[in-house]
Amino acid sequence: MTDSTINRRTALGVLGATGLAAISASTSRARAHTAASLGWNDAKMAYELPPLPYAFDALEPHIDAQTMEIHHDKHHAGYVKGLNAALDRLHAMRAETADAATIQHWQRQLSFHAGGHLNHTLFWSGMAPADEDGGGAPTGILAEAINRNFGSYDRFAWQFQRAAATVEGSGWAWLVYEPTASMLMISQMENQQKLLVPGSIPLLGVDVWEHAYYLKYQNRRATYLEAFMNVINWPEIQRRYDSARG
Ligand code: MN3
């Protein structure tokens, strides 16, 4: 194993603490699955952009094909590229005497781009075509937890959409599982990494960066959010909830 491999493996552990791997940390098999779904390539020692789990037009008419293609192939790819660059620079700096401002810059780049990669990976698989698993309402123990924590699915949906609509600038809204209180919460996120409740495990996220909706919805973020509710992959969110609770 090369020094660089160790470097990247350490970085993956850091990512896990903030999101995806934390969801499925209950078994080593689940961890391996998570590493694969994040596109880690051991041979190249770099992250690669994972493919979309469906066609670009699969979420029509709610999310248009052109938006999906640009969002995945350009924007998400950019976060993967930025994440690899930050890991490479931080690795190189450990052999140098970089000044504090340079280290701070690349640590911020790491946080931003790792967040972007994790968030989008969860976003794509958190959606499904409306004529397959997408839309409707959750069932079973996830539905019970939503009723317990938010009063009803309708009250949850109301708060989730309002939280997303009111993110200042670019960001996300998340349904998260907070493990110390075993509680579901709704959390805003600014950019790709700020404001999420510390220690919480993301279950369902909606991207409210303008690149996620502007081609079809222009400034009508609330209309995009109403449409998004029709493509939520609740069976997948249920699996994440099961995994988060161990
Ligand atoms: Mn995005």
Which number in (1) touching a strand residue (DSSP E or B) at 6+ places or on another chain (Cβ under 6 Å); (2) under 30 Å from Asn84 (Cβ atoms); (3) not polar (S, T, N, Q) marks the one condition that Trp124 misses? (1)
Whether any residue in the range 82-91 is within 16 Å of the ligand (Cβ to nearest atom) and free of Cβ contacts under 8 Å to residues at least 24 places away in the same chain is what I want to check. no
Please determine, by comparing only the residues of the range 214-246 that are in contact with an Asp or Glu (Cβ under 8 Å, 6 or more places away or on another chain) and open to solvent by less than 30 Å² (accessible area, probe 1.4 Å), which one is nearest to the ligand (Cβ to nearest atom). Asn233
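Tally the residues that are outside any loop (DSSP other than H, G, I, E, B) and exposed (fewer than 14 other Cβ atoms within 10 Å of the Cβ), restricting the search to the range 139-164. Talk me through it step by step, then tell me what you get.
Looking only at the range 139-164, we keep the residues that are outside any loop (DSSP other than H, G, I, E, B), and these are 140-150, 153-164.
With exposed (fewer than 14 other Cβ atoms within 10 Å of the Cβ) added as a condition, the list becomes 140-141, 144, 148, 154-155, 158, 162.
Of the residues in the range 139-164, 8 are outside any loop (DSSP other than H, G, I, E, B) and exposed (fewer than 14 other Cβ atoms within 10 Å of the Cβ).
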May I ask you to list the residues in the range 35-68 that are open to solvent by 30 Å² or more (accessible area, probe 1.4 Å), without any contact (Cβ under 8 Å) to a residue 40 or more places away in the chain and in contact with an Asp or Glu (Cβ under 9 Å, 6 or more places away or on another chain)? Trp40, Asn41, Leu49, Phe56, Asp57
Residues of the range 103-145 classified as under 20 Å from the mean Cα position of the chain (by Cα) and either farther than 14 Å from Phe228 by Cβ or within 16 Å of the ligand (Cβ to nearest atom) (or both), total: 24
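The values are calculated or read from the model by the stated rules, or taken from the named source; none is laboratory data. None of these values were measured; they are calculated from a predicted model. With ideal geometry, Cβ positions are generated from the backbone for all residues, glycine too; neighbour counts draw on all protein chains shown. Only protein heavy atoms, including side chains, enter the accessible area calculation; ligands, DNA and RNA are left aside. Shrake-Rupley method; radii C 1.70, N 1.55, O 1.52, S 1.80 Å.
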